[in-house]
Amino acid sequence: MKTNIADIRRDYTKGGLRRRDLNENPLDQFRKWLDEAISSKVDEPTAVLIGTVSPEGRPSTRCVLLKELRDGQFVFYTNYESRKGSHLANNPYISLTFLWHQLERQVHVEGIAQKISPQESDAYFRTRPYKSRIGARVSPQSHPIPNRGVIVKSFMQESLRYIGREVERPANWGGYAVTPHRIEFWQGRESRLHDRFLYTLQADNTWTIERLAP
Ligand SMILES: Cc1cc2nc3c(=O)[nH]c(=O)nc-3n(C[C@H](O)[C@H](O)[C@H](O)COP(=O)(O)O)c2cc1C
């Protein structure tokens, strides 16, 4: 018998979030929650859903992995000619949603994505496993391919080409750094009376903090 999905519900009781618990800087608060997600061994703690907007104004989301937090920016890597890449070339506004189910926590970020420098992308690319580097070279991410065999064959050929050589980063693959202007921390609470705190960046580069209704 199929479960009625409307009946799937549970109360969130892991903890609360108070104004006095918050760091004044949302990036420090984020790092604290990320560290807690990592130490709590949640699945894929760095996985984040990113939302972009098509030239027709239609939103779309997909998951990527956060690879760095630096100078107040969130960094992830992808193919610049992918669907998300073409969206960001047209409209750099982006949203990021981290969801740590096991901690009953969510962080929602809105900001602007910019490509990082080729040198920075090179430096990260060199740290990737060999097969991932080859994979980045052969995948025309988001574009139709006739069958899996085509990409497996390219992978084998490219692997042979690079035996004993440094695998070069393809120019269409690299990082984006997201500069946030809005960051919301959400902690699930009982009876759906969740705690939400919103940080908003002001013109003088300070952040305001407001509690939002659940
Ligand atoms: C857990 C997880 C992590 C992923 N990490 C990345 C990533 O770091 N970079 C990336 O380009 N795609 C990543 N993907 C694949 C993307 O979700 C997506 O399929 C791909 O980037 C193409 O998206 P697009 O067609 O919207 O551009 C990941 C998927 C999952 C489920």
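Values as computed for the structure displayed
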read-out: The one condition in (1) over 26 Å from Leu198 (Cβ atoms); (2) within 17 Å of the chain's Cα centre (by Cα); (3) open to solvent by 60 Å² or more (accessible area, probe 1.4 Å) that Glu68 fails to fulfil; value: (1)
read-out: Contacts under 8 angstrom Cβ, first residue in region 73-98 being at pLDDT 95 or above and open to solvent by 40 Å² or more (accessible area, probe 1.4 Å), partner within 12 Å of the ligand (Cβ to nearest atom) and of a type in the set (Gly, Ala, Ser), 6 or more apart; value: Glu81/Ser142; Arg83/Ser60; Arg83/Ser142; Asn90/Ser54
read-out: Breaking point among (1) open to solvent by less than 90 Å² (accessible area, probe 1.4 Å); (2) part of a helix (DSSP H, G or I); (3) out of contact with any helix residue (DSSP H, G or I) (no Cβ under 6 Å at 6 or more places or on another chain); (4) over 30 Å from Arg189 (Cα atoms), for Ser154; value: (3)
read-out: Selection count where residues are touching a helix residue (DSSP H, G or I) at 6+ places or on another chain (Cβ under 8 Å) and closer than 14 Å to Leu49 by Cα, scope region 76-92; value: 2
read-out: Only one of Ile112, Ile116 that is open to solvent by less than 20 Å² (accessible area, probe 1.4 Å) and either within 20 Å of Phe185 (Cα to Cα) or away from the ligand (no atom under 13 Å from the Cβ) (or both); value: Ile116
read-out: Single residue of region 50-78 satisfying the filter (of a type in the set (D, E, K, R) and over 23 Å from Ser132 (Cα atoms)) that is nearest to the ligand (Cβ to nearest atom); value: Arg58
read-out: Test: residue in region 12-19 that is aliphatic (A, V, I, L, M), more than 16 Å from the ligand (Cβ to nearest atom) and more than 11 Å from the chain's Cα centre (by Cα); value: yes
read-out: Matching residues, region 157-199, being open to solvent by less than 30 Å² (accessible area, probe 1.4 Å), closer than 24 Å to Leu69 by Cβ and polar (S, T, N, Q); value: Gln187
read-out: Answer residue from region 1-13, given it is in a helix (DSSP H, G or I) and among the aliphatic types (A, V, I, L, M) and is least open to solvent (accessible area, probe 1.4 Å) among those; value: Ala6
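For (1) open to solvent by less than 70 Å² (accessible area, probe 1.4 Å); (2) touching a residue at least 24 places away in the same chain (Cβ under 8 Å), each residue gets a yes or a no:
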| site | (1), (2) |
| --- | --- |
| Arg20 | no, no |
| Glu24 | no, yes |
| Pro45 | yes, yes |
| Thr52 | yes, yes |
| Gly57 | yes, no |
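The values are calculated or read from the model by the stated rules, or taken from the named source; none is laboratory data. Since the model is a prediction, treat every value here as computed from it, not as a measurement. Positions of Cβ are backbone-derived with ideal geometry, glycine not excepted, and every protein chain shown enters the neighbour counts. Just so you know, the surface numbers come from the protein's heavy atoms only, side chains and all, with ligands and any DNA or RNA stripped out. Shrake-Rupley method; radii C 1.70, N 1.55, O 1.52, S 1.80 Å.
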